[in-house]
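A quick write-up on the structure given underneath.
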Amino acid sequence: MNVTRKILHFGLSATMLGASFSSVATEGGSPTTAFGVYDFGAGFTPPPTPNGTVGLRTNFYRATTVRNSSGRDNGTDFDISVLSLGLAYLRMTQTELLGARYGFGLVAPFFKMDADLKVKVNGNTVFADSADLFRQADLQVIPLILQWQPSRNLGVNFWFQIQAPTGDYDKNRLVNPGLNHWAFSPILNLSYITDSGFEVSSSFQADVNTRNQATDYKNGVEYRHEFAVGQHFGPWTAGIGGYYYRQLSDDDAPNLSRGNRARTLAVGPALSFFQPGLPPVWIHAYKEFDSRNRAEGYAVAVRFSHSF
């Protein structure tokens, strides 16, 4: 694809980014849905309440390097920072389905994006572009949430998420909050907390994408594993969290010579606060490592919720 036609795309989280040239995977090198959403307590959903639960997640992401298929900096002069705001609503009910408590939800994200790109050949800049915008990203609808609790120490839940192409999109712009295609994501979350307060949480997700009709580009299937390990101290939980992302199949697009499957690993400190009667809070800071065919950076995120 011509370098001036390749673009960045973003989903719920600012950790979802790539760069606009041929060494990145998925369209523009960007994963489809959010990274770093699930850490401590991933296996437990909010309790059933009369009016549901509202939440806010804010995430700042910064990257200044893009890694090629060998994990090396490809030499492009690249800088992007994104502040994302995700407004969420979840409603867990007393209705039982398949032995689980049933719920549903909705997430509306917004991005403040600032990006600069310069492509150099033999030390000379052959292409440059920039963008600065604040726009709505793609809406995520969650028609199915199932919460099981096999024991008092173990929580398991399953989500089916649909990401709709409702975000702001322009195929000729360097960065876009919207992806201009649908995505369907099954998600399995688990948390185990020992009697002594040691917690292990994990989230497993796959993204199945439709084709972007504006560019005739179809992303391959994407997989992610998010995790957190830590110790409870009263209302606090402290430890290590992160995520592993890998593209499982090649992209499909005209004139695409290879699949350029992306991957990355992120690790960093994670902290949460939960005390009955007060809004729970989660904080983490993740640094990405071992990236292939995508940008590599760091993210700092804070989220909290309140049930009514």
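The values are calculated or read from the model by the stated rules, or taken from the named source; none is laboratory data. None of these values were measured; they are calculated from a predicted model. All Cβ positions, glycine included, derive from the backbone under ideal geometry; neighbour counts span all protein chains shown. Ligands, DNA and RNA are stripped out before the accessible areas are found, and what is left, the full protein with its side chains, is counted by its heavy atoms. Shrake-Rupley method; radii C 1.70, N 1.55, O 1.52, S 1.80 Å.
Here are a few things to note about the model shown:
- Protein-only accessible surface order, largest first, of W236, W148 at 1.4 Å: W236, W148
- Using a simple spin-label model with pseudo-atoms 7 Å out from Cα toward Cβ, L278 and L133 lie 4.1 nm apart.
- Near G220, the amide H atoms lying under 5 Å from its own belong to T26, D251, D252; only residues 5 or more places off or on other chains count, and H is placed 1.01 Å from N.
- Counting lysine pairs in the chain whose alpha carbons fall under 20 angstrom apart, excluding pairs fewer than 8 residues apart on the same chain, gives 7.
- Nearest-10 value in Å² for the accessible area of S69, using the 1.4 Å probe: 60 Å²
- Positive minus negative residues near L144 (Lys, Arg vs Asp, Glu; Cβ under 15 Å): +1
- Note on surface exposure: Y243, Y223, Y298 rank Y298, Y223, Y243 by accessible area, highest first, 1.4 Å probe.
- Along the axis of the charge dipole computed for the chain (Cβ charges of +1 for Lys and Arg, -1 for Asp and Glu, origin at the Cα centre), the listed residues P150, N172, G105 are led at the positive end by N172.
- A 1.4 Å probe run over the protein chains yields, for the stretch 186-288, 46 Å² of accessible area per residue, whole-number rounding.
- Placing unit charges on the Cβ atoms of the charged side chains and taking the dipole of the chain about its Cα centre, the candidate lying farthest along the positive direction among S191, Y217, T32 is Y217.
- Working note: Karplus 6.51/-1.76/1.60 with θ = phi - 60° gives the stretch 170-176 the couplings 8, 5, 9, 8, 4, 10, 9 Hz, where Gly and Pro are set to x.
- Answer label, with log10 I(q)/I(0) by the Debye sum over Cα atoms at q = 0.10, 0.13 Å⁻¹ calculated from the coordinates and candidates (1) -0.64, -0.93; (2) -0.55, -0.98; (3) -0.53, -0.88: (3)
- Label-point separation in nm, T93 to F110, each point 7 Å along Cα→Cβ: 3.0 nm
- Applying 0.36 nm per residue to the separation of F160 and I240 and subtracting their alpha-carbon distance, the gain on full extension is 26.1 nm.
- In the assembled protein chains, K118 presents an accessible area of approximately 90 Å² (probe radius 1.4 Å).
- Which of I142, I283, I162 is most accessible, then next, and so on - probe 1.4 Å: I283, I162, I142
- Coupling constants for the stretch 88-105 follow from the phi torsions by the Karplus curve (6.51 cos²θ - 1.76 cosθ + 1.60, θ = phi - 60°), and in residue order they are 10, 9, 10, 10, 8, 10, 8, 5, 9, 9, 6, x, 10, 7, 9, x, 8, x Hz; glycine and proline get x.
- Between amide H atoms placed 1.01 Å from N, distances below 5 Å from N180 occur with G167, all of them 5 or more places distant or on a separate chain.
- Extending 7 Å from Cα along the Cβ direction at D216 and again at Y298 yields two label points whose distance is 4.3 nm.
- Total charge dipole magnitude, the chain, about the Cα centre, Cβ charges on Lys, Arg, Asp, Glu only, Debye to nearest 20: 160 debye
- Cα-Cα pairs of the stretch 34-79 separated by more than 12 Å (percent): 77 percent
- Per-residue SASA entry for R101, accessible area with 1.4 Å probe, Å² rounded to 10: 70 Å²
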